[in-house]
Structure formats: C-alpha cells, structure tokens
Amino acid sequence: MTESDETLMRAARAALEPLALPKGGTLGGSSRLTGLNAHDGRVSAIIAIAPQEASDFASVRQAAQAALQALPGVSQALVALTAERDQPQTASPAASPAAAEPAPGKKRPAVLPDVAHVVAVASGKGGVGKSTTAVNLGLGLRALGLKVGILDADVYGPSLPTLLGLSGQPRVGPDRRLLPMQAYGLKAMSIGLVVDEETAMVWRGPMVMSAITQMLADVDWGRLDILLVDMPPGTGDAQLAIAQGTQLSGAVIVSTPQDLSLIDARRGITMFRKVDVAILGMVENMAHFICTDCGSRHAIFGEGGAEAEARRLGVPFLGAVPLTMDVRRASDLGQPITALAPDSVVGQIYIEIARRLQKQLE
Ligand SMILES: Nc1ncnc2c1ncn2[C@@H]1O[C@H](COP(=O)(O)OP(=O)(O)OP(=O)(O)O)[C@@H](O)[C@H]1O
Ligand SMILES: [Mg+2]
C-alpha cells in the first residue's frame, strides 16, 4: 500500500465513521464497517447487515458512497451492503439482501427499468468459452440492430477488457453514475475495472452479489434491448446470488462437447431452474476443430453431444461454434471475430445464435 493509499484510507474512514445508522448510533460506533480498501483513487467499503435490514440500510449505503466520492483524490467509490449467512454452503433465497424480499419466481425489483432484457451467459465450469461467447453473441445481437450492453461479472478474472481491447478506467457521468465503456458498438462494463483484485479476493458470495447488483444500478447503461452478464464460472453462492438478484430474463448456458463439461452444464441448468430463471438455450463451444492448414473439420469429441443433451433437458439449442485459431487470435487481439469478420463462417454462426436467442426472448 502506497503512502497516498494510506492517506486515502484514513480520509475514507474519517468520512464514514460519523454516518448515522437507521436505529441510532454511527457507523464508526458499530462494528458494521467490515471492509475498507483504497488503491489508486479507488475506494471500496463493506457494511455488514442482517438480510432483513437491506432496505433500511439502502440510504446508509448511498450516503457512504456519496461521502467517499466527495473526498479529494477519489476517482471511484463503491460501497456494498453484505449479509453474511450462518451456513455458507446452503444457499437459501433469504440469505442475501437483494433476494430477501421477493421469493424466487416472484417479480423481482426493477433494478434497470430501461433495459428490456438481462441475460446471463453461464456455464457450470470455467474455461469453456463463456466470455468469448458473451462478447461474440453481443456483437451478433448488435449486428441484428439491437442495443446491447455487456457486464463482466467475474470479479476474480475479468476478461472483457482484453476481449474488447478496453483500456483505462470508466468515467463518472454528471449524475455521478459510471459511464459504460464503448467498443464495437457495445456498451461494456467490467466489475474488475472498478473493484481492485485484492479487495475482491476476500469477498464471499453475498458480497460479490451485492457489489454486482449495485454496479448494475450505478452504471448509466441508458436504453438497452439486451444486457448480457458474463457470469463467473461455477454454480456456487456467488452465481446463485447473481441469478436471484438481477432480474434475469433468462440464461444462456455454454458447454463444450466433452461429457464432463456436459455434466457441469446440467449443474448450471439445475441451478437456474432452482431459482426460476428460464434457460434460453445452450451454445456448444469448441464443437469441432477447423484446421487452419487444410481447412478440414475434425469432430474431436464426437458430434452432436450438446445438441442431444439440450434436447434431453428440454433446452433450446442455439448453435455450435467450432474451435478455430481465428477465434482465439481475434480474442487475444481485442478484436472479436464477429466484429472483425462478421461475414466469416464463425461470424455468421454467432449472428445465427443471436437470432435464435432473440426469438427465445420474444
Ligand atoms: N471457439 C473457440 N475457438 C478457439 N479458442 C476459443 C474458442 N472459445 C474460446 N476460446 C479460447 O479459450 C480460452 C477460454 O475462453 P473464455 O475466456 O471465453 O472462457 P471462459 O469460460 O469465459 O473462462 P473463465 O471460466 O475463466 O471465465 C480463451 O483463450 C479463448 O480465446
Ligand atoms: Mg470468462
């Protein structure tokens, strides 16, 4: 921690401590200020609450955020309310602040009134190509004329900046909301750009959830037809909490054709169904290999496995994307294939997947 980080920490603490709590007393006089971090002008704080206190503490959170934002040298402030639970393993709907009010399946609060659909892009396990799919699917939807945003919800390994070639920090708009970054006609925001990694590392599921729902509300997305949320890998607390807290229209599940990965995909589907989130479809990624040298097609893991599995599970199949060097190279360069070469075979596949998704949302 640098000297200026330390100075900022002290100033942040001094600004937060006098804040009044709903039932009397101050934040400084309670043990609720459980996390405070400052780094390079970015300050984050965590206020611990019980699940049922969420609405009472919304104004405390806002006041805290405004107090931090007003400090000299602060470029960004994020204050999260977190409700820790007794048994972190059992993800009950009442365990997180955002999920505390409506039961799953009931109407969720409108966090984003100007966004027609929030769609999660998820998988049961990591590395299957969720982020690649989210970005290219977003570009496919854009190619169909829709207004699209992407939120990278992976605090531990944000990949949107790389995939879309984003650099720098998001700016703060006149009403103190964060302005999303722009790339290839997409609005993009990565929670990793706002919360520094050291802070995120100590977060548990509910904290991640609360940061993400707040980030959704604190970003000036404007009018969007679709906001895609690139979900963190896995089916743990954090994923479940996001699924419950973000008023999803549904989820797209990405899977590779290997059996193991399909088992994970099933787990992902089960998780969303448990919280009454519709599965809008399955995308098979790295379905077959297209050889750069000879152009021939190799079905390394067999053919049609994901499609058959989707049918068995009663989930729409949105399409199969081959494993190609072009996809990887384009991603590494920050120039996704559907932006770089929309007319290529793979570009057209993503646009067709987008078309099928759009149909599912109608
Ligand atoms: N169809 C494809 N062809 C070639 N490479 C691909 C393809 N899809 C993804 N990749 C590559 O595989 C790697 C993992 O992809 P990606 O980061 O999208 O996965 P992820 O599921 O988001 O991973 P994580 O769980 O870490 O978030 C990346 O290097 C990406 O470029
Ligand atoms: Mg990813």
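Nothing in this text is a laboratory measurement; each read-out follows from the coordinates by a stated rule. Computed from a predicted structure; not experimentally measured. Positions of Cβ are generated from backbone atoms using ideal geometry, with glycine treated the same way; all protein chains shown enter the neighbour counts.
For the range 113-152, the Kirkwood estimate of the hydrodynamic radius, built from every pair of different alpha carbons, is 11.2 Å.
Which GluC sites (Glu not before Pro) from the range 270-322 combine a DSSP loop assignment with at most 16 other Cβ atoms within 10 Å? If you can, show how the numbers build up before the last one.
Details: sites: 284, 303, 307, 309; in loops: 303.
Answer in residue order: 303.
Given 20 °C and 1.002 mPa s, compute D for the range 19-77 with the Stokes-Einstein relation, Rh being the Kirkwood radius over Cα pairs; round to the nearest whole µm²/s. Please report the intermediate quantities before stating the final value.
Values: Rh = 12.1 Å.
The Stokes-Einstein estimate is 177 µm²/s.
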